[in-house]
Amino acid sequence: MYKNYEVWLVAGSQHLYGLKILEQVATNTQVIGKHFNSSQKLCVAVVVKPIVTTTDEISSVCREANAASNCIGLICWMHTFSPAKMWIAGLRQLTKPFLHLHTQFNREIPWNEIDMDFMNLNQSAHGDREFGFIGTRMQLRRKVVVGHWQDAEIHEEIDCWMRAAVTNNEMQKTRVARFGDNMRDVAVTEGNKVSAQIDLGYSVQGFGVGDLVHAVNEVDDESVDSLVALYMEKYQVAKKLQATKAFSQLREAAKVELGLRNFLTAGNFTAFTTNFEDLHGLQLLPGIACQRLMDDGYGFGAEGDWKTAALVRAMKIMGAGRKGGTSFMEDYTYHLPQNSPGMVLGAHMLEVCPSIAESTPSLEIHPLSIGGKTDPARLVFTAKAGPAINATLLDLGNRFRMLVNEVDVVKPEHDLPYLPVARALWIPRPDLKVSASTWIYGGGAHHTSFSQAVTRYHLQDYCEILGIEFLVIDSATTIEEFKKELRYNQLHYAMLGGMQ
């Protein structure tokens, strides 16, 4: 899936057992690596490195990994007992994330044949515990995966971490273009961009809307004609668009999309924000432009919300090739019938990604009601039913927190003939009362990154790599336990700050 990247499989041993054992360790490691590369579940190629048996060999492979731009991390496995003091120097130097694979080559004990040679070779049961201790003693962030290397479940766990590692690598070079400022007086969309670049990797660059206007004005009519023709071919086109005035508005929307694309491409930006309060020089707020750019993998945040724009981009990377889509989203309004777990209708003024659509979107033009500009074109659709997550990234001043709610998207029981925006209707887990209460206690934003391709476990691995706080609201969540977790985390990060 991610052809430009690779993960290195590094097996540890020592010279205590003799050359024959070491040769077998190397052979077995190659077999495991080959099996991983034949798996349909792993998204990154696995490169088997020579086994390491000394401090110098371990330090060397860690330095090599740091310098290799295509290496996104290590999978470490102790085939035999590898004394962990040998790993200290290398792990202190390692800047790439690593996964600790606790497996063994044989699946079962050969009861009638087992001897001490077999025992000496297959010592993962305590060799990996030695390696695990040094990771804990050095307070290293890592993922531990336990089970036999041929099991599908193990492949899924490794793939989850691989996607998080790829995302971490990509976000280190991500640039977010911010047109204008944040929506005035809104708190949660603010944040420290310097802290974000230090802790999360991506940079945020601010531009006046005039810079975008210039790029839009540079678009030629022939390019607009081609894009409008593509619109008419790809989407269900509302009858209103056949009118002369509406068609003129559609051309303007296409012109804005082309100008925005050109600007982002020229600056190597993969995420961006807009703000309906800051449109001077533009005839309309980008609607279909934002939707189609997200559909192509860009991150987006409305009202200047650069944290959500970056998170959408991260989750687009993370979910590549998986079933389902990822979109900018907002908790908009509730459905609260009696004796019901409650539902949330998610939407936004315009900008919801068609990657989550149940069927071909309808291309429509309607008044925006706010902003005082020309009626913008947008794609209207309903999200497909199924499990999903809503994720938000918060700047709490002394740290970043990611808050995730698992939800179940459902098909609306009734048509929404007068709602001219894309939408998703979901039942939050465990129910609306607990979900909304804990989301508010956790400081969760109204803007989120919504995904049916990415799971909580992908984001959990990602937060582990970054070293930021991760909280989840799921079917087992209670308000009392969630409040306790918030208090424990507050104490943890206060103490951690003091130690630093």
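Points to keep in mind about this one:
- Hey, GLY386 at pLDDT 95 or above, under 27 Å from MET171 (Cβ atoms) and buried (at least 24 other Cβ atoms within 10 Å of the Cβ) or not: no
- In region 200-231, residue nearest to HIS280 (Cα to Cα) [restricted to those that are touching a strand residue (DSSP E or B) at 6+ places or on another chain (Cβ under 8 Å) and part of a helix (DSSP H, G or I)]: VAL209
- The single residue among ASP159, ASP181 that is in contact with a Lys or Arg (Cβ under 7 Å, 6 or more places away or on another chain) and touching a residue at least 60 places away in the same chain (Cβ under 8 Å) turns out to be ASP159.
- Here ARG261 meets the list (1) touching a Gly at 6+ places or on another chain (Cβ under 8 Å); (2) within 25 Å of VAL312 (Cβ to Cβ); (3) of a type outside the set (Asp, Glu) almost entirely, failing just condition (1).
- The set of residues in region 415-448 being charged (D, E, K, R), touching a residue at least 60 places away in the same chain (Cβ under 8 Å) and in contact with a strand residue (DSSP E or B) (Cβ under 9 Å, 6 or more places away or on another chain) consists of ARG423 alone.
- Residues in region 111-138 that are of a type in the set (Asp, Glu) and within 39 Å of the chain's Cα centre (by Cα): ASP128, GLU130.
- Flag if MET318 is in contact with a Lys or Arg (Cβ under 8 Å, 6 or more places away or on another chain), surrounded by 24 or more Cβ atoms within 10 Å (Cβ to Cβ) and within 21 Å of PRO387 (Cα to Cα): yes
- Against the test of being of a type in the set (Ser, Thr, Tyr) and surrounded by fewer than 19 Cβ atoms within 10 Å (Cβ to Cβ), the options TYR441, TYR462 yield a single qualifying residue, TYR441.
- Search result, residues across region 398-410 that are surrounded by fewer than 19 Cβ atoms within 10 Å (Cβ to Cβ) and at pLDDT 95 or above: ASP408, VAL410
- Residues that are in contact with a strand residue (DSSP E or B) (Cβ under 8 Å, 6 or more places away or on another chain), under 12 Å from THR53 (Cα atoms) and not polar (S, T, N, Q) were ranked within region 6-36; the one that is surrounded by the fewest Cβ atoms within 10 Å (Cβ to Cβ) is ALA26.
For (1) outside any helix (DSSP H, G or I); (2) within 25 Å of the chain's Cα centre (by Cα); (3) basic (Lys, Arg); (4) farther than 27 Å from LYS255 by Cα, each residue gets a yes or a no:
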position: GLY297; (1), (2), (3), (4): yes, yes, no, no
position: GLU303; (1), (2), (3), (4): no, yes, no, no
position: GLY321; (1), (2), (3), (4): yes, yes, no, yes
position: GLU330; (1), (2), (3), (4): yes, yes, no, no
position: GLN338; (1), (2), (3), (4): yes, no, no, yes
position: SER355; (1), (2), (3), (4): no, yes, no, no
position: GLU364; (1), (2), (3), (4): yes, no, no, no
position: THR392; (1), (2), (3), (4): yes, yes, no, yes
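- Filter result for LYS307 (buried (at least 22 other Cβ atoms within 10 Å of the Cβ) and either among the aliphatic types (A, V, I, L, M) or under 19 Å from ARG292 (Cβ atoms) (or both)): no
Listed here are the residues, each with its yes/no results for (1) of a type in the set (S, T, N, Q); (2) closer than 30 Å to GLU469 by Cα.
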| site | (1), (2) |
| --- | --- |
| GLY346 | no, yes |
| THR360 | yes, no |
| GLU364 | no, no |
| ILE370 | no, no |
| PRO376 | no, no |
| LEU379 | no, no |
| ALA385 | no, yes |
| ALA388 | no, yes |
| LEU393 | no, yes |
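- Region 187-199: number of residues that are assigned to a loop (DSSP other than H, G, I, E, B), buried (at least 16 other Cβ atoms within 10 Å of the Cβ) and hydrophobic (A, V, I, L, M, F, W, C): 1
- Filter result for PRO417 (closer than 30 Å to GLU252 by Cα and of a type outside the set (Lys, Arg)): yes
- The residue that is farthest from the chain's Cα centre (by Cα), among those in region 305-319 that are of a type in the set (A, V, I, L, M) and closer than 15 Å to ASN169 by Cα, is ALA310.
For (1) modelled with pLDDT under 95; (2) hydroxyl-bearing (Ser, Thr, Tyr); (3) touching a Cys at 6+ places or on another chain (Cβ under 6 Å), each residue gets a yes or a no:
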| site | (1), (2), (3) |
| --- | --- |
| ILE356 | no, no, no |
| SER359 | no, yes, no |
| LEU363 | no, no, no |
| SER369 | yes, yes, no |
| GLY372 | yes, no, no |
| ALA391 | no, no, no |
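- Selected residue [assigned by TED's automatic domain parsing to the domain that holds MET232, more than 27 Å from MET183 (Cα to Cα) and touching a residue at least 12 places away in the same chain (Cβ under 8 Å)] from ALA347, ALA357: ALA357
- Inside region 210-234, residues that are within 28 Å of the chain's Cα centre (by Cα) and surrounded by 15 or more Cβ atoms within 10 Å (Cβ to Cβ) make up a count of 1.
- Summed over region 139-158, residues that are hydrophobic (A, V, I, L, M, F, W, C) and either part of a helix (DSSP H, G or I) or more than 33 Å from the chain's Cα centre (by Cα) (or both) total 3.
- Only one of the numbered conditions (1) within 22 Å of ARG251 (Cβ to Cβ); (2) in a strand (DSSP E or B) is violated by LEU285, and that is (2).
- Criterion violated by ASP395 - all others in (1) touching a strand residue (DSSP E or B) at 6+ places or on another chain (Cβ under 6 Å); (2) modelled with pLDDT of 95 or more satisfied: (1)
Yes/no matrix, rows are residues, columns are (1) within 18 Å of ARG175 (Cα to Cα); (2) at pLDDT 95 or above; (3) not charged (D, E, K, R):
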{"position": "GLU190", "(1), (2), (3)": "yes, yes, no"}
{"position": "PHE207", "(1), (2), (3)": "yes, yes, yes"}
{"position": "VAL216", "(1), (2), (3)": "no, yes, yes"}
{"position": "GLU222", "(1), (2), (3)": "no, yes, no"}
{"position": "TYR231", "(1), (2), (3)": "no, yes, yes"}
{"position": "LYS239", "(1), (2), (3)": "no, no, no"}
{"position": "ALA254", "(1), (2), (3)": "no, yes, yes"}
{"position": "LEU264", "(1), (2), (3)": "yes, yes, yes"}
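The values are calculated or read from the model by the stated rules, or taken from the named source; none is laboratory data. This one's a predicted model, so the numbers in the text were calculated from it and none came from an experiment. We place every Cβ from the backbone using ideal geometry, glycine too, and count neighbours over all the protein chains shown.
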